[in-house]
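Heads up: the structure comes next, in structure tokens.
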Amino acid sequence: MKNLLLSLLVVVMAACQTKVKNETSEVEDKTVEVEETTVSTVVNPNLATAEDLAGIGLEMETINTIVENRPYLTMNDFDSLFADLGAADKEDLYRKVFVPFNLNTTAEEDFKLIPGVGDRMAHEFEEYRPYLKLDQFRREIGKYVDETEVARYEQYVFVPVELNSATEEDILALPGVGSRMAHEFEEYRPYENLEQFRKEIGKYVDDKELSRLERFVFLKQE
């Protein structure tokens with residue numbers, strides 16, 4: 001009897017170890033799956049060098065077209081260059097290169113230029129206007145898609161910032177604005193008018209870049 005109980009105990013312990021091992025494997029598999037979930041970077045055609053564009057697999061003819069016709073004040077300007085592309089080729093290009101849309105002023109129909117955005121999602125983008133911060137966009141659109149998809153959408157849009165009250169985080173969320181330029185935005189506060197912004201920020205960038213940056217800001221009317 002003693003030997004029988006001992007044998008049963010060994011069998012039960014082995015079964016438990018096997019179960020734990022299987023559960024651990026499942027957890028490990030899920031972890032790997034999460035780690036492999038990444039968001040591909042979308043390049044801004046106003047900022048990318050020819051080398052950057054080549055690095056994401058664009059052909060030289062396309063690269064030359066992009067470089068020679070910039071700057072693009074809107075995505076519609078950029079899109080007009082590729083009117084002859086088929087829908088699939090255009091979507092493939094826009095998954096790599098895109099001029100971000102102003103969330104508060106872009107026509108609902110234009111949002112559908114964003115790869116993977118159809119009628120329903122374009123409507124949701126417009127539904128929650130006005131957006132005061134990008135966090136608001138994350139919260140509202142996060143009701144319909146997961147965090148990875150929200151992060152992908154973020155690369156295609158921006159929320160203009162109020163020059164005198166925007167936080168550094170708000171400014172850094174603007175397309176192509178790094179920590180140095182964010183510092184300059186804040187350095188000259190308070191701004192009395194946009195002409196002052198043009199004068200001060202124009203010390204650091206050329207006219208083309210200044211025109212691009214001006215799209216991202218506004219001043220609250222007293």
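The numbers here are math on the coordinates, done by the rules we state, and not lab data. These figures come from a predicted structure and were not determined experimentally. No Cβ is skipped: glycine too gets one built from the backbone with ideal geometry, and neighbour counts run over all protein chains shown.
Quick notes on this structure:
- Derived scalar couplings between HN and Hα for region 94-101 equal 6, 6, 10, 9, 6, 9, x, 8 Hz in order, rounded to whole Hz, by the Karplus curve 6.51 cos²θ - 1.76 cosθ + 1.60 (θ = phi - 60°), x for Gly and Pro.
- Computed log10 I(q)/I(0) for region 161-218 at 0.30 Å⁻¹: -1.68, from the Debye equation with unit scatterers placed on every C-alpha and solvent omitted.
- Residues within the reach of a label modelled at residue 83 (point 7 angstrom out along Cα to beta-carbon, backbone nitrogen below 11 Å), restricted to region 97-140: there are none.
- Relative packing of 48-61, 149-162, 108-121, which averages over residues the other C-beta atoms within 10 Å, highest first: 149-162, 108-121, 48-61
- Charge dipole magnitude, Cβ of K and R +1, D and E -1 - region 34-160, Cα centre, debye nearest 20: 400
- Proximal lysine pairs, region 76-205, alpha carbons under 21 Å, eight or more residues apart or interchain: 4
- P(r) for region 101-159, from all Cα pairs and a bin width of 5 Å, is 4, 21, 37, 30, 8 %, short bins first.
- C-alpha center-to-center spacing [region 163-214, region 66-132] in angstrom: 24
- Anchor residue 220: aspartates and glutamates whose Cα lies under 12 Å away (excluding residues fewer than 8 positions away in-chain): 162, 192
- Note, ³J(HN,Hα) from phi for region 44-51, Karplus 6.51, -1.76, 1.60, rounded to Hz, x at Gly and Pro: 7, x, 7, 10, 6, 7, 4, 5
- Derived scalar couplings ³J(HN,Hα) [region 103-114; Karplus, 6.51 cos²θ - 1.76 cosθ + 1.60; whole Hz; x for Gly, Pro]: 4, 8, 10, 5, 5, 3, 4, 5, 4, 6, 6, 6
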